[in-house]
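Note sheet for the following structure.
The values are calculated or read from the model by the stated rules, or taken from the named source; none is laboratory data. On a predicted model such as this, the values are computed, not experimentally measured, just so you know. For neighbour counting, all protein chains shown are included, and Cβ atoms are generated from backbone atoms with ideal geometry for every residue, glycine included. Accessible surface is based on the protein model in full, side chains and every heavy atom, while ligands, DNA and RNA are left aside. Shrake-Rupley method; radii C 1.70, N 1.55, O 1.52, S 1.80 Å.
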Number of protein chains: 4
Amino acid sequence: MSISCPDGTERKPDRLEAFSDAVLAIAITLPVVELHAPKPEAGDLASAYAELAPEYATYGLSVVLIGLYWAHSHFSGKLLQKTDHVYNLLSVGFLAAVSITPFPARPLFEHLSGDAQSTTAALVYLGVAAAPATWWFLRWLYATARKLPDPRLSDAYLRRLTVKYGLTAGAYWTAFMLAFWSSTSGLIAAGVVTLSYVVPPAKPEFKAGEQRQDD
Amino acid sequence: MSISCPDGTERKPDRLEAFSDAVLAIAITLPVVELHAPKPEAGDLASAYAELAPEYATYGLSVVLIGLYWAHSHFSGKLLQKTDHVYNLLSVGFLAAVSITPFPARPLFEHLSGDAQSTTAALVYLGVAAAPATWWFLRWLYATARKLPDPRLSDAYLRRLTVKYGLTAGAYWTAFMLAFWSSTSGLIAAGVVTLSYVVPPAKPEFKAGEQRQDD
Amino acid sequence: MSISCPDGTERKPDRLEAFSDAVLAIAITLPVVELHAPKPEAGDLASAYAELAPEYATYGLSVVLIGLYWAHSHFSGKLLQKTDHVYNLLSVGFLAAVSITPFPARPLFEHLSGDAQSTTAALVYLGVAAAPATWWFLRWLYATARKLPDPRLSDAYLRRLTVKYGLTAGAYWTAFMLAFWSSTSGLIAAGVVTLSYVVPPAKPEFKAGEQRQDD
Amino acid sequence: MSISCPDGTERKPDRLEAFSDAVLAIAITLPVVELHAPKPEAGDLASAYAELAPEYATYGLSVVLIGLYWAHSHFSGKLLQKTDHVYNLLSVGFLAAVSITPFPARPLFEHLSGDAQSTTAALVYLGVAAAPATWWFLRWLYATARKLPDPRLSDAYLRRLTVKYGLTAGAYWTAFMLAFWSSTSGLIAAGVVTLSYVVPPAKPEFKAGEQRQDD
């Protein structure tokens, strides 16, 4: 494939996208391994299942967080014209940071009731959750500085994305800071930021004179 | 790739299909991790292997259920012309629901003999198994409402699929209800619904005047 | 993609290949999870590492077996013109059978010294190892009966492959039978069959008058 | 797809790349399974998290090592025109060797303080880390001997890569040897070699008269 295309030695984003999709697919599915159904010796099955509530919440939260990152990277992948070595390495950093977000989720739910450990549990979770947003922002800054996006996209559109990603990373760190004072407030703030990504991303805008690609 | 095509900024279903295939591939393979061969200190190897029967049944059931979902999503993927953000998020929900179906399978087999826990084990399994069918139906309703399928497919064909998917989800929930009264009946009902997907899906039908794509 | 091709509603083998590659990639990597490095409390690290020898052998054997299946399915994928629903389901059976082959490998190596359990360990391993070869053969029989291979391939070439796959499945079951009498002989026989796949497969041969595709 | 292209029966590198990417994606994500967040009964959560430091270091090291291999195989994939059976098998060997590198990483960090086991821990790690570099070099030697790279690449460029890959493998084994004398020196040497791959690879150079593919 790389040989027959006229521009074959410059890598299109498709292979990075495939790798990225594979890592996210594994990261979103792997928390299932942590779900251990009750053994026969656990006694009453209904209450044994009920006791696993923090595990279900962990799985659900991981699916929401990683699923939204996947959906957004699915969108943003089409904005790039090409990728380079440093962009690939920044992507590895982003992917490793996303993959680890399920790790501190169970303690978060186990200490949600507000015991002596809840602040620690919330701080660790929020710090870990802020990392992928930060990598994402850094990667985007690099991509725009190196002119990796489609050159036909309007500067205003790219700038709005830069502001959006910067604000997202900033908001996660603000939520982290907030949790020193009140872990509940910090978690609510981070939740609002995360769920804002359920809203479909803004349609790409092209420079005047450039052919519109859709509709 | 997305840049050189005239319609590059509208995403074809291929990337969602790749992600979906990857998640299903992991979900179908991951139950192998739960299979732990007997250690030397387990004594007689033959009986130690025999005692693992519920584990084998769990693996087999997961392969059948997830394998049939994969085969059917392989078919349905070709019916779509495009995907959008909400469709992607509904797909994440569907995939997360499928991935978790192996979790309650082992207790199901361990309590199949009809002890005090069998109704609980069957209810939990049937509830978890009804979830992906429900997501699938919701996703399809959304897809048809948003005109995501190939516009050349006949309305009657699309409507028959809507009915089929709705009936499937309904049948799983009926099996769940049935299990309150008799867990065996509920499980048999769900099994019949699942295995009905072994039958190849109906060939796509096109609107009059549209070029037939196959044969 | 499926829309723009003239034959888009008939599925080319590429999506099945992608799913198959993903399952094999997971199956070949998953045994790493079973490798647990010694903990500090295990005492002398060198001897703790040495005691894990059966685990290394398990990993190595799984890599060889699954790697050869991948390499051969990489080759055979290009012989098909299309796939259908039943072929997909047979592929799921094949993939599930391959994925489970690492499961009985550790007991095999732990009882290799010829203790009371070695025959059991060898029989279980050989039976599990014969399954994917059998699925492969059944899938191939179905494919040729349904004319799924490239119609330009010569009948003699297809027939030679049918014989090869049938002999392979038969040889694995013979090795299994042999192990009732002598587990060492059975294992050597199965090893020879497996390693025969290191030899590159025969080049596709085309019908007279058909354009040669390579060289 | 393979049928419709004129050269469809000769396999382009894309399917090997897809398999390779999938294995590396799993290998880079799987160490997350080894990260077990503290349970409620572990007492003080902050110190329980702090005690897991060797686990975090293991995860980080695996991400760096496997991530750099992925980024480099992303680059080198585009240099090949085709792959063959033996190249595929050598790739399986390489991938299996990479996938296992996280295994000896935790003991490395647990014994970093220089106790009686540190030399053993460093030697095992460095030996395991030298393996994929060796497989990579052997695979490259095979590829150039069999003329698998793009024929338009200049001989000088290919020769420089051969020297680079040979030196890398040699440097890892030197680091291994060095660790018999001083484990710290060996680890630093291996670290320097690994991190040298953060530098982007040299741009492909073409034979005189061949059309430049990029810029």
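Counting only residues that are closer than 28 Å to residue C:192 by Cα and among the basic types (Lys, Arg), the range C:145-176 holds 3 of them. Of these, A:56, A:49, which one is within 30 Å of residue A:91 (Cα to Cα) and assigned to a helix (DSSP H, G or I)? Answer to the selection: A:56. Residue D:173 meets each of the listed conditions (1) touching a strand residue (DSSP E or B) at 6+ places or on another chain (Cβ under 7 Å); (2) over 30 Å from residue D:12 (Cα atoms) apart from (1). Filtering the range D:201-214 for residues that are assigned to a helix (DSSP H, G or I) and more than 14 Å from every other protein chain (Cβ to nearest Cβ) leaves an empty set. Output yes when any residue across the range B:89-101 is within 11 Å of chain C (Cβ to nearest Cβ), surrounded by 20 or more Cβ atoms within 10 Å (Cβ to Cβ), in contact with a helix residue (DSSP H, G or I) (Cβ under 7 Å, 6 or more places away or on another chain) and in contact (Cβ under 8 Å) with a residue 24 or more places away in the chain, and no when none is. Within the range B:89-101 (the criterion being within 11 Å of chain C (Cβ to nearest Cβ), surrounded by 20 or more Cβ atoms within 10 Å (Cβ to Cβ), in contact with a helix residue (DSSP H, G or I) (Cβ under 7 Å, 6 or more places away or on another chain) and in contact (Cβ under 8 Å) with a residue 24 or more places away in the chain), the answer is no, since none of the residues qualifies. Only one entry of C:71, C:50, C:25, C:46 meets the criterion of being out of contact with any strand residue (DSSP E or B) (no Cβ under 7 Å at 6 or more places or on another chain), more than 8 Å from chain D (Cβ to nearest Cβ) and modelled with pLDDT of 90 or more, and that entry is C:50.
Any residue that is at pLDDT 90 or above, in a helix (DSSP H, G or I), within 20 Å of the chain's Cα centre (by Cα) and more than 8 Å from every other protein chain (Cβ to nearest Cβ) - is there at least one of those in the range C:32-43? So far as the range C:32-43 goes, no, none of its residues is at pLDDT 90 or above, in a helix (DSSP H, G or I), within 20 Å of the chain's Cα centre (by Cα) and more than 8 Å from every other protein chain (Cβ to nearest Cβ). The set of residues from the range A:133-179 being under 26 Å from residue A:96 (Cβ atoms), in contact (Cβ under 8 Å) with a residue 12 or more places away in the chain and surrounded by fewer than 13 Cβ atoms within 10 Å (Cβ to Cβ) is empty.
For (1) within 22 Å of residue A:78 (Cβ to Cβ); (2) in contact with a Lys or Arg (Cβ under 9 Å, 6 or more places away or on another chain), each residue gets a yes or a no:
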{"position": "A:154", "(1), (2)": "yes, yes"}
{"position": "A:162", "(1), (2)": "yes, no"}
{"position": "A:175", "(1), (2)": "no, no"}
{"position": "A:180", "(1), (2)": "no, no"}
{"position": "A:184", "(1), (2)": "no, no"}
{"position": "A:189", "(1), (2)": "no, no"}
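The residues of the range C:182-200 that are touching a helix residue (DSSP H, G or I) at 6+ places or on another chain (Cβ under 7 Å), more than 14 Å from every other protein chain (Cβ to nearest Cβ) and among the polar types (S, T, N, Q) amount to a single one, C:185. Would you be able to say whether some residue in the range D:180-193 is closer than 23 Å to residue A:88 by Cα, surrounded by fewer than 20 Cβ atoms within 10 Å (Cβ to Cβ), β-branched (Val, Ile, Thr) and at pLDDT below 95? No, the range D:180-193 has no match at all. Residues in the range B:121-138 that are within 23 Å of residue B:16 (Cα to Cα) and either among the β-branched types (Val, Ile, Thr) or over 13 Å from the mean Cα position of the chain (by Cα) (or both): 2 in all. The selection criterion, being surrounded by 14 or more Cβ atoms within 10 Å (Cβ to Cβ), modelled with pLDDT of 95 or more and within 19 Å of residue C:96 (Cα to Cα), holds for residue C:126. Scanning the range A:73-93 for residues that are within 26 Å of residue D:67 (Cα to Cα), among the charged types (D, E, K, R) and more than 20 Å from the chain's Cα centre (by Cα) turns up at least one hit.
Filtered by the rule that a residue be open to solvent by 10 Å² or more (accessible area, probe 1.4 Å) and more than 19 Å from residue A:32 (Cα to Cα), the range D:23-51 gives D:40, D:41, D:42, D:43, D:44, D:46, D:47, D:48, D:49, D:50, D:51.
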